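Notes follow once the structure below has been shown.
The values are calculated or read from the model by the stated rules, or taken from the named source; none is laboratory data. What you are looking at is a predicted structure, and each value in this text was computed from that prediction instead of being measured. Backbone-built Cβ (ideal geometry, glycine too); neighbour counts: all protein chains shown. All accessible areas refer to the heavy atoms of the entire protein, side chains included, with ligands and DNA or RNA removed. Shrake-Rupley method; radii C 1.70, N 1.55, O 1.52, S 1.80 Å.
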Amino acid sequence: DAGVTPTPVTAPSQEPGRGPRLEYETTLFTTGPVKVWVYLSPRNPVLNPDGLRYAISVDDGTPQVVNVTRATGADDTSMNRQWERNTSDNVNRTVTTHDITTPGRHTVKFWMVDPTVVVQKIVIDTGGLPTSYFGPPESTRARTR
């Protein structure tokens, strides 16, 4: 499967909350802490030697910046064990936690910070997400006419 990535790969870093983003509408039936898991293709940072970054927000919340290198411990410069695992599995999994105060429709926003980030999948965990190698299958979407 192909992922989603910003182009050009030489684009400058963006300030979270101001640049390009992906938006996903979802309906949540519960309140409280919600985890947003992001499955990314392993990539090297091209602009920021400190790591590869993106941001996540829900609705109009402040974007949470995630440094993939720090969050996963995968270091491409030293080719450490976590980097080996992430590249053999072809995924970097990172997580943020967001507080949902009202049930109903919400918008999850994935913000570009650094180029070369490739999004494979975004999973919203409202609790009880079973551990699995590939993550859960895509939710079915009921359409009304």
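From THR77, THR126, THR96, grab the single residue that is polar (S, T, N, Q), at pLDDT below 90 and on the phi < 0 side of the Ramachandran plot. Reasoning before the result, please.
Working: THR126 fails: at pLDDT below 90; THR96 fails: at pLDDT below 90.
One residue alone meets the criteria, THR77.
Say whether the condition of being surrounded by 14 or more Cβ atoms within 10 Å (Cβ to Cβ), more than 24 Å from PRO137 (Cβ to Cβ) and modelled with pLDDT under 90 is met by at least one residue in the range 52-63. Break it down stepwise before answering.
At the first step, the residues of the range 52-63 found to be surrounded by 14 or more Cβ atoms within 10 Å (Cβ to Cβ) are 52-58, 61, 63.
Subset that is more than 24 Å from PRO137 (Cβ to Cβ): 52-53, 55, 57, 61, 63.
Pick out the ones that are also modelled with pLDDT under 90 and you get 52.
The answer is yes, given that some residue of the range 52-63 is surrounded by 14 or more Cβ atoms within 10 Å (Cβ to Cβ), more than 24 Å from PRO137 (Cβ to Cβ) and modelled with pLDDT under 90.
I want to confirm something. Restricting to the range 92-122 and keeping residues that are under 16 Å from TYR39 (Cβ atoms) and among the basic types (Lys, Arg), which single residue is least open to solvent (accessible area, probe 1.4 Å)? Working first, answer last.
Taking the range 92-122 as the starting set, the residues that turn out to be under 16 Å from TYR39 (Cβ atoms) are 92-96, 108, 110, 116-122.
Next, from what is left, pick out any that are among the basic types (Lys, Arg): 93, 121.
Working: ARG93: 92, LYS121: 61 Å².
The selected residue is LYS121.
Could you list, in sequence order, the residues of the range 123-134 that are under 12 Å from the mean Cα position of the chain (by Cα) and surrounded by fewer than 18 Cβ atoms within 10 Å (Cβ to Cβ)? Walk me through how you get there before you give the answer.
Filtering the range 123-134 down to residues under 12 Å from the mean Cα position of the chain (by Cα) leaves 123-124.
Scanning the range 123-134 gives a single hit, VAL123.
Is it the case that the range 34-47 has a residue that's at pLDDT 90 or above and open to solvent by 70 Å² or more (accessible area, probe 1.4 Å)?
yes
If you scan the range 8-33, which residues turn out to be open to solvent by 60 Å² or more (accessible area, probe 1.4 Å), closer than 24 Å to ILE124 by Cα and of a type outside the set (D, E, K, R)?
PRO20, TYR24, THR27, PHE29, THR30, THR31, PRO33 - these are the residues of the range 8-33 that are open to solvent by 60 Å² or more (accessible area, probe 1.4 Å), closer than 24 Å to ILE124 by Cα and of a type outside the set (D, E, K, R).
Are any residues in the range 91-107 in contact with a Leu (Cβ under 9 Å, 6 or more places away or on another chain), farther than 17 Å from THR30 by Cβ and part of a strand (DSSP E or B), and if so, which ones?
ASN92, ARG93, THR94
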